[in-house]
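Following this message is one structure expressed as structure tokens.
Each value in this text was obtained by applying a stated rule to the coordinates, not by laboratory testing. This one's a predicted model, so the numbers in the text were calculated from it and none came from an experiment. Note that we place each Cβ from the backbone using ideal geometry, even for glycine, and neighbour counts take in every protein chain shown.
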Amino acid sequence: MLVLTRKLHQSIVIGDQIEVVVLEVRGEQVRLGIKAPKDVTVHRKEIYEQIQEENKSSSNVRPEDIPGT
Amino acid sequence: MTIQGTRFGDIEYSADDVIAFPDGIIGFPDLHSYLLLNHKPNTPFRWLQSIEQPTLAFLVAFPEVLIPEYAPEIDDSVARELQITAETPKLLLTTVSIPAGRPNDMTTNLLGPVIINGATMVGKQVVLQDDAYTVRHRVFQTTEKVAEPTAA
């Protein structure tokens, strides 16, 4: 992993088209701004992983468990 | 056209039934073509069935039936990407999980809904920025335990 230290308002550039900037630092929270092309998705990691898990879980539901009329 | 080998047997469909997901579904980035299948009549549940991977189908629901107050804000960039305006027919679906044998513990993902442009039949699973919504929202509220009367 590449480790870089940034101060408030400094940026990191990834490839030619992605930029991450430190917008605000408040206590333990760091607010980041991300500029990226439309076809690149950017997500908070733990949320993305939770959604992946939920998707997998919903693909394993047994039809007999679904309430019906 | 037919999908063979799904959990529901062989499924006949036409090109008009196909929903395209250019970005796939989160965690399944390489699958781009789905059908929306009915489950039982008169229920809000559907199956988002993969055409490319016949064994894969996500249980989804129309969330406003399960959770009437759910009203996610669609980001402008998503609206532009899917070409959705106020007048565009659209489908809003959320994935549903049910632990085996425990239908009362059903949860639905309100943070990552699936939005489909009903006219172009193009969809996307979006991640909402609103932290008020959770990935595992209980559909049926647990009943409160009645307090036991203390001994006199």
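For chain B, with a Gaussian network of springs between Cα atoms less than 10 Å apart, report the residue from B:L92, B:L66, B:L48 with the top mean-square fluctuation.
Largest GNM mean-square fluctuation: B:L66.
Let me ask another. Round to the nearest 10 and give me the degree value, 0 to 90, for the angle of helix A:45-58's Cα axis relative to the longest principal axis of chain A.
Taking Cα atoms only, the helix is inclined about 10 degrees.
Note down the relative contact order for segment A:11-59 as a percent, whole number, built from C-alpha pairs under 8 angstrom at least six residues apart. Walk me through the intermediate numbers first.
Values: 39 pairs, mean separation 11.4, N = 49.
Reported relative contact order: 23 percent.
Diagonalise the Cα gyration tensor of the protein assembly as shown and give the resulting equivalent ellipsoid semi-axes, square root of 5 times each eigenvalue, largest first, whole Å.
Calculated on Cα positions only, the semi-axes equal 33, 28, 16 Å.
What is the magnitude of the charge dipole of chain B about its Cα centre, with +1 placed on the Cβ of each Lys and Arg, -1 on the Cβ of each Asp and Glu, and no other charges, expressed in debye to the nearest 20?
Dipole magnitude for chain B comes out near 500 debye.
Between B:K90, B:K40, B:K124, where does the largest GNM mean-square fluctuation fall for chain B, given springs only between Cα atoms within less than 10 Å?
Of B:K90, B:K40, B:K124, the Gaussian network model singles out B:K40 as fluctuating most.
Given the pairs A:K35/B:K90; A:K38/B:K124; B:K40/B:K124; A:K35/A:K56, which are separated by over 23 angstrom at their Cα positions?
Beyond 23 Å between Cα atoms: A:K35/B:K90; B:K40/B:K124; A:K35/A:K56.
Still on this structure, please answer the following. According to a simple spin-label model (label point 7 Å from Cα along Cα-to-Cβ), what is the distance in nm between A:I12 and B:A15?
For the pair B:A15/A:I12, the computed spacing is 4.5 nm.
Suppose every K and R has +1 on its Cβ and every D and E has -1 on its Cβ; what is the size of the dipole of the protein assembly as shown about the Cα centre, in Debye to the nearest 20?
On the way: 20 positive and 30 negative charges, 85 e Å.
The dipole magnitude comes to about 400 debye.
Please report, largest first and rounded to whole Å, the three semi-axes of the ellipsoid equivalent to chain A, where each semi-axis is the square root of five times an eigenvalue of the C-alpha gyration tensor.
Details: eigenvalues 288, 46, 23 Å².
Semi-axis lengths for chain A are 38, 15, 11 Å.
Cα-based Rg of segment B:2-138 per 2.2 N^0.38 Å, rounded to two decimals?
Dividing the Cα radius of gyration by 2.2 N^0.38 Å gives 1.03.
Report, in deg cm²/dmol and to the nearest 500, the calculated mean residue ellipticity at 222 nm for chain A, where each DSSP H run with n ≥ 4 adds -39500 (n - 2.57) and the sum is divided by the residue count.
-6500 deg cm²/dmol
About the Cα centre of chain A, what is the dipole size in debye to 20, counting +1 per Lys and Arg Cβ and -1 per Asp and Glu Cβ, all else neutral?
400 debye
Here's something else I'd like to know. Taking beta carbons within 10 Å but only from partner chains, what does the mean come to for residues B:42-49?
For this peptide, the per-residue mean of nearby foreign Cβ atoms is 2.
Out of B:R46, B:R136, B:R102, any idea which swings most in a Gaussian network model of chain B, alpha carbons joined below 10 Å?
Maximum fluctuation in the GNM of chain B, among the listed residues, is at B:R102.
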